[in-house]
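Single-structure report; data block below.
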Amino acid sequence: MPEYDYDLLTIGAGSGGTRASRVAAAHGARVAVAEEYRVGGTCVIRGCVPKKLLVYGAHFAEDLKDAQRFGWRVPENLEFDWKCLQTNVLAEVDRINAAYTTTLETNGAQIIHQRATVTGPNEVTLANGTTKTAKTILVATGARPLLPEFPGAEHGITSNEVFHLDAIPKRVLIAGAGYIANEFAGIFHQLGAHVIVMNRTKDILRGYDLQIRDRLLQISMMKGLDFRFDATFEKIVKREDGCLDVHMTGHDTVTVDCVMYAIGRVPNTDGLGLETVGIGVDDKGAVPVDEQNRTTCPSIFAIGDVTNRIQLTPVAIREGQAFAENQFGKGGASVDYDCVPAACFSHPPIAGVGMTESEARQRLGSVKVYSSDFRPMKNVLAGRDERSLYKMICDGETDRVVGIHMIGPDCPEIIQAAAVCVKAGLTKAQFDSTVALHPTMAEELVLMR
Ligand code: NDP
């Protein structure tokens, strides 16, 4: 009889937990995954996937307008059917949820559809009261939206609920100015809502290059989005007709139909029982781990958003893969957190890899910055006064490209290839020695002055 019920018990079947579990199972480990909700986690169920599909859906608003300049006769009484988009998006979520489930099962991992809490170094207790033992426990419980606290805060929604709205609100206030706020500001605006973005500081998308985010702010304002900066909630009062009066510091009260909080995400460690095995959490509630993803309890590991390193799906997947290879495969795997590309699917999107200009100026002795500020030819013919901006940050001593930052159509698609070059340590001269592919937007990468 084996000493434990399983070799690995993973808590959480999101992107990281699923990858770790299926790779461990493929290496012959006896694996179970406890998931209290749906297999797929935030990315598949209420994050990246449905969000990106809404971004596509919303973009048709501009595309249909622009199409007329390209000769298409578009009927004037165009209608958008939210229920149609919502139904199709949620059906796609169901499809991927089923695919994730199949992947786990065909690799031999058992899915336990229950919440699990840690009750010992090698033991979890399920919601139905039964206990399961495992040689190794992996905590992959992800993160959840941070909820603010003030009178009337309960009237707001988060990115968890946004995919299930009955209708697109006519007026929406989004709190926060990070990834989710800017992505949903674009979606709601394109789908016809009046959007107010409210943030506690003057910054949007802190962490991205200043000029790039300034350009996004300028374009967003030009499109008609409203911003309220240096504002914090005082209270929200729900009127009898369901409208919400939002009182905030430093600005007049606004009346909207929906308030959405996008003020960051907190690791899911509450009630997980980690303290019973001596695992503490940091001030954000995250589980500290070493390079091997091991917690202070030697048999318990953690990966993904619950560790609050870089809250991105592909990072969690890499961590899950490395964990499984090291514990159940041939070992020697690690995750390289340098030059992780990122994008915000705003309208237009922004993307970046490596150091921003200000980071480079702080960290390097000398810095050279090259840029291209241009109107994509599609925008020119469409009469759309929306300029793209690409920036290349180089080490002035070595000519090495240390960062690329972009705003403009399709830039998340372009940055993925550019990130390979930045990570490989290519120089500006090597970019320039590559012949441009004309006419594209990406050709600006080898033409920057
Ligand atoms: P972000 O961390 O991107 O942005 C948070 C925003 O909320 C900032 O504008 C910040 O203000 C503000 N804020 C932070 N804390 C508070 C607070 N206590 N009260 C009021 N405002 C606050 O968070 P998101 O929720 O948008 O996204 C969470 C994470 O999910 C992202 O960091 C990212 O890692 C991931 N994500 C990635 C996406 C992608 O890759 N495209 C898409 C969506 C999410 P300020 O900066 O001014 O202090």
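Things worth noting here:
- Test: Y370 is buried (at least 21 other Cβ atoms within 10 Å of the Cβ), of a type in the set (S, T, Y), at pLDDT 95 or above and not in a helix (DSSP H, G or I): no
- Some residue of segment 188-207 being aliphatic (A, V, I, L, M) and either part of a helix (DSSP H, G or I) or open to solvent by 30 Å² or more (accessible area, probe 1.4 Å) (or both): no
- Whichever residue in segment 160-219 is without any contact (Cβ under 8 Å) to a residue 12 or more places away in the chain and of a type in the set (D, E) and, among such residues, is farthest from the ligand (Cβ to nearest atom): D166
- All of G224, G285 fail the test of being closer than 30 Å to T356 by Cβ, touching a helix residue (DSSP H, G or I) at 6+ places or on another chain (Cβ under 9 Å) and touching a residue at least 24 places away in the same chain (Cβ under 8 Å), apart from G224.
- From the options G383, G425, residue that is surrounded by fewer than 21 Cβ atoms within 10 Å (Cβ to Cβ), out of contact with any strand residue (DSSP E or B) (no Cβ under 9 Å at 6 or more places or on another chain), at positive phi and at pLDDT 95 or above: G383
- Residues within segment 315-327 that are in contact (Cβ under 8 Å) with a residue 60 or more places away in the chain and either out of contact with any Leu (no Cβ under 7 Å at 6 or more places or on another chain) or part of a loop (DSSP other than H, G, I, E, B) (or both), tallied: 8
- The number of residues in segment 383-405 that are within 15 Å of G365 (Cα to Cα), of a type in the set (D, E, K, R) and not in a loop (DSSP other than H, G, I, E, B) comes to 2.
- So F163, is it under 19 Å from A58 (Cα atoms), open to solvent by less than 40 Å² (accessible area, probe 1.4 Å) and among the aromatic types (F, W, Y): yes
- Across segment 142-156, the qualifying residues are those that are touching a strand residue (DSSP E or B) at 6+ places or on another chain (Cβ under 8 Å), open to solvent by 30 Å² or more (accessible area, probe 1.4 Å) and not in a loop (DSSP other than H, G, I, E, B), and the one among them that is farthest from I11 (Cα to Cα) is H155.
- Residues of segment 99-126 classified as outside any strand (DSSP E or B) and under 18 Å from V23 (Cα atoms), total: 11
- Filter pass, E35 being farther than 22 Å from F301 by Cα, buried (at least 16 other Cβ atoms within 10 Å of the Cβ), more than 18 Å from the chain's Cα centre (by Cα) and not hydroxyl-bearing (S, T, Y): no
- Here segment 43-74 is the region considered, the condition is being away from the ligand (no atom under 16 Å from the Cβ) and either of a type in the set (F, W, Y) or at pLDDT below 95 (or both), and the residue that is nearest to K223 (Cα to Cα) is F60.
- Close pairs (6 angstrom Cβ cut-off, 6 or more residues apart or separate chains): free of Cβ contacts under 8 Å to residues at least 40 places away in the same chain and in a loop (DSSP other than H, G, I, E, B) in segment 425-438, open to solvent by less than 30 Å² (accessible area, probe 1.4 Å) and charged (D, E, K, R) anywhere: A436/E443; L437/E443
- Per-region count, segment 227-283, residues open to solvent by less than 40 Å² (accessible area, probe 1.4 Å), in contact with a Ser or Thr (Cβ under 9 Å, 6 or more places away or on another chain), over 30 Å from E35 (Cα atoms) and small (G, A, S): 1
- Restricting T87, T42 to residues that are in contact with a helix residue (DSSP H, G or I) (Cβ under 8 Å, 6 or more places away or on another chain) and among the hydroxyl-bearing types (S, T, Y) narrows the list to T42.
- Residues considered: F80, F60. Of these, the only one that is in a helix (DSSP H, G or I), within 30 Å of A193 (Cβ to Cβ) and open to solvent by 50 Å² or more (accessible area, probe 1.4 Å) is F60.
The values are calculated or read from the model by the stated rules, or taken from the named source; none is laboratory data. Note that the coordinates shown come from a computational prediction; the quantities given were computed from them, not determined experimentally. Every residue, glycine as well, gets a Cβ built from its backbone with ideal geometry; the counts of neighbours run over all protein chains shown. Accessible surface is based on the protein model in full, side chains and every heavy atom, while ligands, DNA and RNA are left aside. Shrake-Rupley method; radii C 1.70, N 1.55, O 1.52, S 1.80 Å.
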